[in-house]
Amino acid sequence: MSKTLHLENIKKVQKEIDSKKVLIKNAVMRQRYHFMAEEGWLNDPNGLIFFRGKYHFFYQHNPYNSFWGAMHWGHAVSEDLLHWEYLPVALAPSEAYDDHKEGGCFSGSAIEHDGKLFLIYTGTTNYGDGFVQTQCVAYSEDGIHFEKYEKNPVITAPEGYEPANFRDPKVWEHDGMFYLVCGAKKDNLAKALLYRSKNLLDWEYVNVMAESRGELGYMFECPDFFQIGDKCVLMFSPMGLHERTCVYLVGDMDYNTGKFYHTTMGEIDWGFDYYAPQSFLDAKGRRLIVGWANAWDWMPFWKDWGPTYKENWCGSFAIPREVRLMPDNTLQFIPVEELKSLRTDERIRYGVEVESEPVDISAGDGVAYESRLVLDLERTTAEKVVLELRSDGDLKSVVYLDLKHGQMTFDRNHSDGWSRGQTKSPLKLMDKKLLDIHLFSDQSSIEVFGSQYQTNHSCNVFASDAQNKNTVQALGGQAYFSSIISYGLERAIR
Ligand code: FRU
């Protein structure tokens, strides 16, 4: 019976997607090489996995509207992380445990087992006594059509934990055992709860793997755990930490006790529009992460869904990034090399001296392009380096590299007449001879990677095609760039 309803709901939603797809043909803000849904609303990346020779992206999706609502899991596959084929919706709300109208099938992850693809997700419901979140399982033989496990939910919130804040299971395998970490809240503090299972269906609670004592916020959304080199990483999107919306901890895991001990903490991205990243390992052995290129913060009271809402879509994914561990146990987040295949109109300059006169750094049409600037700090006297991006002379996004005060700022106050605010982060300069800045501009986003991909700001910018001037200038002295290399980037999405 319930199996039938799930299939019916998927059929119904598929019709909706097919009828609305045409509406976005004229959307001028659609991204050119960042992943998006076919139409409608998209938020977190879910179930990222390299399965049977293809990258699978699932995503929080409301196909019925361009705003958040009853969540489905959209699904697409790719061979290169750039060109995507959309598959039928994988999960639709259909059961008593996952059919909340303002919820549905929340975030989760994927794993291969016994020749099947398993999805573990959060079901949300209300049995008449408030919002209830539980962990649920679905599986598929072909990696396309998913059946929900008849004994769902497989995990409910432990005694003393808020059932309304118990979500986003991330599953992995270690030494022949499956483990899962879930975000939870107790006494107004964030907890990461660890579970284990032999078969992905019967789960045993192990321990509080990591927790906040106030310093890490009151809830971890989308926790993710992985090993890199001989270290382990726990990353999450904390609630209640203000500007810090994407934190990583590096340390060691004790599988006997289920405790994670961290020694290093850092930010994945300081921008307004980077949230809920999920990681996975691909066939090349790379640990990749993909984040949602939006954030809840700019949707005041959930009533403003941004300029693309009128174009029948909202939300894209940030560029997939490869995670690398540095000798001091901090992490780098490097745009995947696949992006190089989109390059056109190469422009290479060496030894560029810049003063207050702006120097053009763009390539291609100045809308979809990348630019890498290597600043020689020893030969630079300037106090500030200023990047004016996606400018028409009037509207522009401005990145300040404040060399005097060691700060990086992304200013969106004049980006597009709609976006607001500045993101700020420390910019580590000591012990460095070179400061490298690598930026990617797409139709409605700018991602700036600084300091060896360790200080990153991703922000959406709803700029028109006429905003295509991109320059660098130096204030309070001269800036010497050992190189400025730029490329136009071809369209990959439709
Ligand atoms: C993070 C999040 C998750 C939740 C999902 C709902 O952006 O709030 O915690 O599962 O989005 O769409």
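Each value in this text was obtained by applying a stated rule to the coordinates, not by laboratory testing. In this text, all values refer to a predicted model and were calculated from it rather than measured experimentally. Cβ: placed from backbone, ideal geometry, glycine included. Neighbour counts: every protein chain shown.
Here are the numbers for this structure:
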| read-out | value |
| --- | --- |
| Peptides 372-383, 97-108 ordered by average Cβ neighbours within 10 Å, highest first | 97-108, 372-383 |
| For THR380, distant residues with modelled amide H under 5 Å away | TYR480 |
| Among 59-66, 421-428, the order from most to least packed when residues are scored by Cβ within 10 Å on average | 59-66, 421-428 |
| Spin-label model distance (nm) - HIS145 vs ASP365, 7 Å beyond Cα toward Cβ | 4.1 nm |
| Flagged links, alpha-carbon separation over 31 Å, of LYS186/LYS231; LYS340/LYS433; LYS151/LYS186; LYS11/LYS151; LYS170/LYS404; LYS12/LYS310 | LYS170/LYS404 |
| Pairwise centroid distance, computed over Cα atoms, of the stretch 75-107 with the stretch 260-320, Å | 17 Å |
| Sparse-neighbourhood loop sites, GluC sites (Glu not before Pro) in the stretch 110-164 - DSSP loop, at most 16 other Cβ within 10 angstrom | GLU141, GLU150, GLU159 |
| Cα long-axis angle, helix 2-21 against the chain (0 to 90 degrees, to the nearest 10) | 30 degrees |
| Full-stretch length increase - GLU79, TYR350 - with 0.36 nm per residue and alpha-carbon distance subtracted | 94.1 nm |
| ³J(HN,Hα), Karplus 6.51/-1.76/1.60, whole Hz, each residue of the stretch 457-463, x for Gly, Pro | 10, 10, 9, 7, 9, 8, 9 |
| Nitroxide proxy distance, nm - points 7 Å out along Cα→Cβ at LYS340 and LEU377 | 2.7 nm |
| Ordering of 267-279, 67-79 by burial proxy (mean other Cβ atoms within 10 Å per residue, highest first) | 267-279, 67-79 |
| ³J(HN,Hα), Karplus 6.51/-1.76/1.60, whole Hz, each residue of the stretch 122-130, x for Gly, Pro | 9, x, 10, 7, 8, 8, x, 9, x |
| Spin-label model distance (nm) - TRP296 vs ASP252, 7 Å beyond Cα toward Cβ | 3.5 nm |
| The chain - percent relative contact order, Cα under 8 Å, separation 6 or more | 14 percent |
